[in-house]
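Heads up, the thing below is written out as structure tokens.
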Amino acid sequence: MNNLDMTQVKRENQLANLDNSEFDVAIVGGGINGAVSAAILAARGVKVVLVEKNDFASFTSQESSNMVWGGIKYLQTYEVPLVWALCGSRNELMRAFPNRIKATSFFAAVGPTAPFGKVLGFFGASLYWILGRFQTKAPAVYSKEGAKEHEPLISTSGLKGAVQYDDALLLDNDSRFVWEFIKSAKKYGAICLNYVEMENATSNSAGWNLSLKDQLTNKTKQIRAKVLINATGPFASELNNALEIETKHTLALSKGIHLVVPKLTDHQHVMAFFDDDQRLFYVIPMHDRSVIGTTDTRVSNPTNEVTDADREFVLEQANRCLELVKPLTKSDIISERSGVRPLVVKRKSEVKNQDWTSLSRKHEIELDKKKRLITIFGGKLTDCINVGKEVSDLVKKLGIKEIRNRKWYGEDLDLKSSAFYSEISEYYPKNPQLAKKVLAGLIRRHGSQIERVIELWRKDKLNSQIIFEGLDFTRGELLYIIENEDVVKPDDLLRRRTPLKLLRTKEEIAQNKLLQEVLERISS
Ligand SMILES: Cc1cc2nc3c(=O)[nH]c(=O)nc-3n(C[C@H](O)[C@H](O)[C@H](O)COP(=O)(O)OP(=O)(O)OC[C@H]3O[C@@H](n4cnc5c(N)ncnc54)[C@H](O)[C@@H]3O)c2cc1C
């Protein structure tokens, strides 16, 4: 039996046991908001099921800028309470995930399209630092010459100077971060199923009857739940309409794209610029590549792709703000991402185009007590702990008892990574730097499960082999992920549990024999 068959059998068993089961809470949607809700409720002893119609984090939560940030740009729209709350969440996430989330400097050019000068910029960055409770490095201001010296890539045309402040980044990718919460929920007994769609739901005074469809077999199952959580991100209003639920809020959708290109700067900092529309855009480090983005375009449909106009806009902005040896062209694009931000608006309000980019990024969670339905509207990855806590409070309000209070997020802070260094370095005797990098990657992505990955290397030395030069993913790690992380399709492994598909071109992936041999285990 290959790995895919084993995963399939596990799923079949779980689905078979599901039929006619009753849960305290059913969560629809396996993006960040569904995942944190499942994690906190399961940790508190609530009987939870989560269904995701594709793979976990395969929609908005795989398309973000990977920033864990306090939202400095919302100071421009005077949303001080939002920035205060986001800074608090950022600080908490940085404390709880010291390996996965890294404090990172943001080097913001005050160029010709900046809506303010460097003095005001520095004032804003200082206010941001204060709202961040001084948990990051103090901001700094640079003259035009100082900025160029610090980051030679920056274009001096119309440059007034630069401001540097600190925020944080997810070092792997957003969807892997979501998996952390799914894993935590499963550890505490939640049933979390990818490729299962909620097709239909009807409510009565006791709760909900749900009809679920396994996307892999087309079989349907019926379950009951006392409470339903709509965590479908950009689809939240659509689902509520189908369920005939009235809410005070609805969603406006804003498309944002990113382009992944070869690494542009040796610095590990994020470069920030103002685009022609005076919106901040960034050049963000991702492993051995740079990610440029993002855009903010009003759309009506949650499903969108990167268009030629998007590509041209982003490349043009980057070429204008950077002094590159050779301007970036479409042939430099390694991969692309496109997502829609679900932005919360009051149902009755009319969103005019001129207000568009100033719409708040704050989440709203609505409770329909009579129908026993909770809807999560909007939000940010950064705000996920608050979303989880608010959902758990509302579930309590609906009379579901929480019988435990276990830790539901964060890394194993007692793990001593140095304990594994000597063993790992034996596999890379001539390359201690690589050994350190592989160890850091394993600790970051697998925490205390690192021992189980290394066990595969002990069984077969080939498992220590690096998949792509320049990256720290090994054959053994990918095999571990396939076996243990609900991988059903190749993209679950390449795009979400790891960012390989973002970091290497389709051709590089197709030509990599070691990787193709690993993929055979999932694509039967
Ligand atoms: C371009 C861009 C950049 C961003 N950058 C950042 C950033 O740097 N930092 C930050 O903190 N935030 C950022 N965000 C915001 C953040 O990514 C989103 O707020 C967050 O991912 C939304 O998560 P979600 O769980 O609500 O939605 P989603 O991730 O979309 O999850 C909803 C899920 O519900 C599933 N679903 C829908 N209907 C059904 C059904 N009937 N049955 C089963 N499943 C169903 C969908 O398949 C989907 O996976 C960014 C967003 C975008 C678009």
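The values are calculated or read from the model by the stated rules, or taken from the named source; none is laboratory data. Everything numeric here is computed off the predicted structure, so don't read it as measured data. When we count neighbours, we look across all protein chains shown, and the Cβ atoms used for this are built from the backbone with ideal geometry, even at glycine.
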- Across segment 16-64, what is the number of residues that are part of a loop (DSSP other than H, G, I, E, B), away from the ligand (no atom under 15 Å from the Cβ) and crowded, with 24+ Cβ neighbours inside 10 Å? 1
- Among the listed residues GLY117, GLY111, GLY121, which satisfies the condition of being crowded, with 18+ Cβ neighbours inside 10 Å, out of contact with any Phe, Trp or Tyr (no Cβ under 9 Å at 6 or more places or on another chain), modelled with pLDDT under 95 and closer than 27 Å to PRO152 by Cβ? GLY121
- Message: Against the condition touching a Gly at 6+ places or on another chain (Cβ under 7 Å), buried (at least 22 other Cβ atoms within 10 Å of the Cβ), in contact (Cβ under 8 Å) with a residue 12 or more places away in the chain and over 30 Å from ARG298 (Cα atoms), how does ALA225 come out, does it pass?
- Response: yes
- Item | Search result, residues across segment 267-295 that are of a type in the set (Asp, Glu) and either under 16 Å from GLU316 (Cβ atoms) or buried (at least 23 other Cβ atoms within 10 Å of the Cβ) (or both) | ASP275, ASP276, ASP277
- Query: Identify, please: which residue in segment 486-503 is outside any helix (DSSP H, G or I) and touching a Leu at 6+ places or on another chain (Cβ under 8 Å) and is, among those, surrounded by the fewest Cβ atoms within 10 Å (Cβ to Cβ)?
  - Reply: VAL488
- Taking interchain pairs and intrachain pairs at least six residues apart, which have beta carbon atoms under 8 angstrom, with the first residue in segment 263-283 and of a type in the set (Asp, Glu) and the second buried (at least 17 other Cβ atoms within 10 Å of the Cβ) and assigned to a strand (DSSP E or B)? ASP275/PHE281
- Message: What's the total number of residues in segment 406-436 that are among the charged types (D, E, K, R), surrounded by fewer than 17 Cβ atoms within 10 Å (Cβ to Cβ) and under 30 Å from CYS384 (Cα atoms)?
- Response: 5
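Please pick out the residue among PRO262, PRO302 that is surrounded by fewer than 21 Cβ atoms within 10 Å (Cβ to Cβ) and more than 18 Å from the chain's Cα centre (by Cα).
None of the other options fit; the residue is PRO262.
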- Collect the residues in segment 180-191 that are surrounded by 24 or more Cβ atoms within 10 Å (Cβ to Cβ) and of a type outside the set (Gly, Ala, Ser), keeping them in residue-number order. PHE181, ILE182
- Query: What helices (runs of 4 or more DSSP H) lie completely within segment 105-205 and have 3 or more residues being free of Cβ contacts under 8 Å to residues at least 12 places away in the same chain?
  - Reply: 118-131, 144-150
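Name the single residue that is surrounded by the fewest Cβ atoms within 10 Å (Cβ to Cβ) among those in segment 504-516 being of a type in the set (A, V, I, L, M) and touching a residue at least 40 places away in the same chain (Cβ under 8 Å). Outline the logic, then answer.
Filtering segment 504-516 down to residues of a type in the set (A, V, I, L, M) leaves 509-510, 514-515.
Filter once more, keeping what is touching a residue at least 40 places away in the same chain (Cβ under 8 Å): 514-515.
On the way: LEU514: 15, LEU515: 22.
Checking each candidate, the answer is LEU514.
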- Look through segment 230-259, keep the residues that are within 10 Å of the ligand (Cβ to nearest atom) and exposed (fewer than 15 other Cβ atoms within 10 Å of the Cβ), and return whichever of them is farthest from GLU312 (Cα to Cα). ALA242
- Query: Do any strands (runs of 3 or more DSSP E) lying entirely in segment 237-299 carry at least 1 residues that are of a type in the set (Phe, Trp, Tyr), and which ones are they?
  - Reply: 270-274, 280-286
